[in-house]
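The values are calculated or read from the model by the stated rules, or taken from the named source; none is laboratory data. As the structure is a computational prediction, the values presented were derived from the model and not from experiment. Reconstructed Cβ throughout: ideal geometry from the backbone, glycine too, with neighbour counts over all protein chains shown. The accessibility values were calculated without ligands, DNA or RNA, using every heavy atom of the protein model including side chains. Shrake-Rupley method; radii C 1.70, N 1.55, O 1.52, S 1.80 Å.
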Amino acid sequence: MTFLEKIRCLFTFGQGVALSLPEFDDASDPIALFDTWFNDANKSGILLPEAVSVSTCSKDGQPSSRMVLMKSFDERGFVFYTNYGSRKSHELEDNQKVALLLHWNVLQRQVRIEGTVEKTTLEESANYFNSRDRGSKVGAWASKQSQQLTHPNELKERVKQFEQEFSGKDVPHPEFWGGWRVKPHYMEFWQGRTSRLHDRLCFEKNDQTNNDWQTFKLHP
Ligand SMILES: Cc1cc2nc3c(=O)[nH]c(=O)nc-3n(C[C@H](O)[C@H](O)[C@H](O)COP(=O)(O)O)c2cc1C
Ligand code: PXP
């Protein structure tokens, strides 16, 4: 983003933004557009532009959402890492349908993604786990994510226990911790505009085996 664009964003905040939209036609690729928007978000100085809401659904149809950090994306999908014993992971095991939501407020932009999940490979999960700092690695072992604490000091005690267990050694990658890749079949790019006359650029595909996206626009 240029300095001038930043100033224009500041002045138009809340009333739509002055960033130009890319050309949009049937040949457009939503991953390439996401890449452009993600770069804009990174350059804009927004804290944690990679923070994304993940919505899952329980067997009986109860949706739930939480934030995670998106660690990578490409043509294959959007990846985040978590505990495979967590609530979100249990729900994703039962129902692979998932929705992601990103909001970059300074840019007046929102991206909606719908798709299905698959687990990242063991190698991919281990590679990412091994890149984390030691404290977060120990934390992953200590946290029985989404389970109730049985007593107030349980988490602290478990951290101590695993610090001792791995003292002087590398912290290994736990098999209960890894990535989910969201394979999109619907993506919508929302750009705020004046008078609430926003742009909504949508991409949809019916066949996961190819990269043929249909494009259309929606009323705001
Ligand atoms: C900004 C932000 C980023 C987060 N990133 C992650 C993440 O990448 N992975 C994760 O497991 N939890 C992350 N969390 C915690 C989750 O929001 C959530 O509390 C946790 O994963 C348990 O969710 P669940 O019980 O629905 O499975 C993050 C929270 C915030 C606020
Ligand atoms: C519980 C948990 N797991 C994973 C992450 C992902 O971030 P990182 O791998 O950078 O620690 C976060 C980020 O808040 C988190 O809270």
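Assuming R0 = 30 Å, can you tell me the calculated FRET efficiency for the pair F3 and E75, based on Cβ-Cβ distance, to the nearest 0.05?
The value I calculate is 0.35.
Does the range 138-220 classify as rounded, prolate or oblate by the C-alpha gyration tensor (a ≥ b ≥ c root eigenvalues; a/c under 1.5 gives rounded; else a/b over b/c gives prolate, otherwise oblate)? Prolate shape, in that a/c is at least 1.5 and a/b is the bigger ratio.
Rounded to the nearest Hz, the phi-derived 3J(HN,Hα) couplings of the range 31-48 under the Karplus curve 6.51 cos²θ - 1.76 cosθ + 1.60 (θ = phi - 60°) are 6, 5, 5, 4, 4, 4, 5, 5, 4, 4, 5, 4, 6, 6, x, 4, 6, 6, where x marks glycine and proline. Computed on the Cα atoms alone, the convex hull of the range 109-165 gives a volume of 172 cubic angstrom per residue. Spacing of the modelled spin labels on S58 and E157, each 7 Å from Cα toward Cβ, amounts to 2.8 nm.
Cβ-Cβ distance of H219 and I46, R₀ of 30 Å, FRET efficiency by 1/(1 + (r/R0)^6): the value works out to about 0.65. Considering only the Cα atoms of the chain, their convex hull presents on average a projected area of 15.2 nm². For the chain, the mean residue ellipticity at 222 nm estimated from helices alone is -8500 deg cm²/dmol, where every DSSP H run of n ≥ 4 contributes -39500 (n - 2.57) and the total is divided by all residues, rounded to the nearest 500. Loop-resident trypsin sites (Lys or Arg not before Pro) (DSSP state other than H, G, I, E or B) in the range 115-220 with no more than 11 further Cβ atoms inside 10 Å of their Cβ: K169. For the range 122-220, the tally of Lys pairs with Cα-Cα distances below 18 Å comes to 8, considering only residues 8 or more apart or on different chains. Put simply, the amide H of T120, placed in the peptide plane, has neighbours under 5 Å in G179, W180, R181, leaving out anything fewer than 5 places away on its chain. Taken one residue at a time, the phi angles of the range 160-166 give Karplus couplings (6.51, -1.76, 1.60, θ = phi - 60°) of 4, 4, 6, 4, 5, 4, 9 Hz. Gly and Pro are set to x.
Tally up the carbon and sulfur contribution to the accessible surface of the range 50-174 as a whole percent, 1.4 Å probe, everything protein left in place.
On the way: 3350 of 6950 Å².
Ligands and nucleic acids excluded, carbon and sulfur reach 48 percent.
Accessible surface for the range 23-147, divided over its residues, is 50 Å² per residue with a 1.4 Å probe. Computed over the chain, relative contact order equals 23 percent, with contacts defined as Cα pairs under 8 Å that lie 6+ residues apart.
An ellipsoid equivalent to the range 26-128, defined through the eigenvalues of its Cα gyration tensor, has semi-axes of 24, 16, 14 Å when rounded to whole angstrom and sorted largest first. Model label points for F176 and N211, set 7 angstrom from Cα along the Cα-to-Cβ axis, are 3.9 nm apart.
Full extension of the segment from T150 to N39, taken as 0.36 nm per residue of separation minus the current Cα-Cα distance, would add 35.7 nm. Across the range 138-186, Cα-Cα distances exceeding 13 Å account for 65% of all pairs.
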